[in-house]
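Accompanying notes for the structure given below.
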Amino acid sequence: MNNITILVVDDESRMRKLIKDFLAQKGYSILEAGDGEEALHVYEENKKIFLGTWLDKWVYNITNLDTIIY
């Protein structure tokens with residue numbers, strides 16, 4: 001286990017599961033969100049443990065640029 005946590009954000013649950021399973025096999029801890037607002041909420045509750053985020057190109061409720069700036 002490498003103790004790296006990644007937030008996977010995608011509005012398609014099948015895609016989120018595919019990405020989550022792939023990254024988990026590589027030893028990453030995964031948190032997930034189905035849209036931009038949920039992603040920001042998950043981030044706020046867990047920001048001290050994050051190293052990175054995997055964002056879908058189009059995420060509902062917030063733009064990727066807004067998420068990155070946040």
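The values are calculated or read from the model by the stated rules, or taken from the named source; none is laboratory data. As the structure is a prediction and not an experimental result, all values here were calculated from the model. Note that each Cβ is placed from the backbone with ideal geometry, even for glycine, and that neighbours are counted across all protein chains shown.
The table below gives the values:
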read-out: Subset tally (residues that are at pLDDT 90 or above, charged (D, E, K, R) and loosely packed, with under 13 Cβ neighbours inside 10 Å) for region 9-44; value: 3
read-out: Members of region 4-27 found to be in contact with a Gly (Cβ under 9 Å, 6 or more places away or on another chain) and part of a loop (DSSP other than H, G, I, E, B), listed by number; value: 4, 10, 11, 12
